[in-house]
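Q: The structure follows.
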Amino acid sequence: MPGTFGAVATAMATPFADDGALDAQGARRLAAHLFDHGTDTVVAAGTTGESPTLTHDEKRTLWEAVREVASEKGKKLVCGTGTYDTRESIELTEIATHIGADGVLVVTPYYNKPPQRALVEHFRMVAESTDRPVIVYNIPGRTGTRIEHPTLLKLAEVPNIAAVKDSTGDLDGIAKLLREAPDGFQVYSGDDWATFGYVCLGAVGVVSVASHFVGDRIGEMVRQIEGGDVASARKMHQDLSPLYSALFCTTSPIPLKAGLEMAGLPGGPLRPPLFAATEDESEIVRRALADAGVL
């Protein structure tokens, strides 16, 4: 069954100008490139988009820019509205709803480490502030808190919590979730390397970083699995695995921004506390892009 946001959602980098200002025109050009090369949905102002460094006004400007392109292309926009503060997450979700987002991505509150019962209330309150589908984002490696299985099942009962973006890498846990979640609740892999396994288990797709460069091929891999041609999909996964690894050779999106520059795509500098890739890191990315036929 096709996912609400297609098979390939791209966690889009946020382009910045040389002086560090938001590059809205660059965001339009990058979104257009992604939509033309296999992306069904752009996720704007997520982790890959350096969301902690964006002001509310910048997020609104970014979302409006991508919304324009998505509308022109007949594609979708998901806005990253989750923060460590429930009130702020609701405010951003309301902004995203107002500008016409097709959905919102809400990450587990980070740093303050709420218990599981508090996570239920947090996500429920954010979901109640919008009529758009909500994707909860389970990434304990970044947030310090995992959304546990019973909590996910409770969240899946909230009418407009439509999916989870899962970055736990827990294949057994995903198999159990897909078995026990109510009909219609969807799983997206939050890691390129896990997409093959997740989709084989029943996930609908991936929120990808590598799709900045190989979105068409990732989409084809998902379609091959769904069509029963697992052997061809496995070969595609194996061919793309070096690129997946290279884009996470250090903290994301440092390698991604290096790769965008190499590929002539809008990206620009990173905002502190992230800084440009080293020469060794850049060479890892360059080799992987060349091997993947991107350069």
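Q: Would you please name the residue that is surrounded by the most Cβ atoms within 10 Å (Cβ to Cβ), looking only at residues in the stretch 246-259 that are touching a residue at least 40 places away in the same chain (Cβ under 8 Å) and closer than 12 Å to ALA276 by Cα?
A: This residue is GLY259.
Q: Out of everything in the stretch 141-168 that is within 20 Å of GLY202 (Cβ to Cβ), in contact with a strand residue (DSSP E or B) (Cβ under 9 Å, 6 or more places away or on another chain) and of a type outside the set (A, V, I, L, M), what residue ends up being most open to solvent (accessible area, probe 1.4 Å)?
A: For the stretch 141-168, the residue satisfying everything is THR168.
Q: Restricting attention to the stretch 4-23, and to residues there that are under 14 Å from the mean Cα position of the chain (by Cα) and small (Gly, Ala, Ser), which single residue is farthest from VAL134 (Cα to Cα)?
A: ALA13
Q: Could you tell me whether any residue of the stretch 189-196 is open to solvent by less than 30 Å² (accessible area, probe 1.4 Å), among the charged types (D, E, K, R), under 29 Å from GLU64 (Cβ atoms) and assigned to a helix (DSSP H, G or I)?
A: yes
Q: Provide a single number: the residues in the stretch 70-113 that are assigned to a strand (DSSP E or B) and over 11 Å from THR130 (Cβ atoms).
A: Summing the residues that are assigned to a strand (DSSP E or B) and over 11 Å from THR130 (Cβ atoms) in the stretch 70-113 gives 6.
Q: Which number in (1) among the charged types (D, E, K, R); (2) in a loop (DSSP other than H, G, I, E, B); (3) in contact (Cβ under 8 Å) with a residue 40 or more places away in the chain marks the one condition that ASP19 misses?
A: Evaluating ASP19 over (1) among the charged types (D, E, K, R); (2) in a loop (DSSP other than H, G, I, E, B); (3) in contact (Cβ under 8 Å) with a residue 40 or more places away in the chain leaves (3) as the failure.
Q: Within the stretch 26-45, can you find the residues that are in contact (Cβ under 8 Å) with a residue 60 or more places away in the chain and either open to solvent by 40 Å² or more (accessible area, probe 1.4 Å) or of a type in the set (Gly, Ala, Ser) (or both)?
A: GLY26, ALA27, ARG29, HIS33, HIS37, GLY38, ASP40 - these are the residues of the stretch 26-45 that are in contact (Cβ under 8 Å) with a residue 60 or more places away in the chain and either open to solvent by 40 Å² or more (accessible area, probe 1.4 Å) or of a type in the set (Gly, Ala, Ser) (or both).
Q: Going through the stretch 210-235 one residue at a time, which ones are in a loop (DSSP other than H, G, I, E, B) and open to solvent by 10 Å² or more (accessible area, probe 1.4 Å)?
A: Passing the criteria: GLY227, GLY228, ASP229.
Q: For GLY82, which of the numbered conditions (1) farther than 22 Å from THR53 by Cα; (2) in contact with a Pro (Cβ under 9 Å, 6 or more places away or on another chain); (3) open to solvent by 10 Å² or more (accessible area, probe 1.4 Å); (4) of a type outside the set (D, E, K, R) fails to hold?
A: Among (1) farther than 22 Å from THR53 by Cα; (2) in contact with a Pro (Cβ under 9 Å, 6 or more places away or on another chain); (3) open to solvent by 10 Å² or more (accessible area, probe 1.4 Å); (4) of a type outside the set (D, E, K, R), GLY82 violates only (1).
Q: Do we have any residue at all in the stretch 106-117 that's within 27 Å of PRO2 (Cβ to Cβ), open to solvent by less than 40 Å² (accessible area, probe 1.4 Å) and of a type in the set (A, V, I, L, M, F, W, C)?
A: yes
Q: If ALA31 satisfies every condition in (1) in a helix (DSSP H, G or I); (2) closer than 17 Å to ILE95 by Cβ; (3) in contact with a strand residue (DSSP E or B) (Cβ under 6 Å, 6 or more places away or on another chain) but one, which is the exception?
A: (2)
The values are calculated or read from the model by the stated rules, or taken from the named source; none is laboratory data. Being a predicted model, the structure only gives us computed values, none of them experimental. Methodologically, a virtual Cβ is constructed for each residue, glycine included, from the backbone with ideal geometry; neighbour enumeration extends over all protein chains shown. We work out accessible area using only protein heavy atoms, side chains counted, and drop any ligands, DNA or RNA first. Shrake-Rupley method; radii C 1.70, N 1.55, O 1.52, S 1.80 Å.
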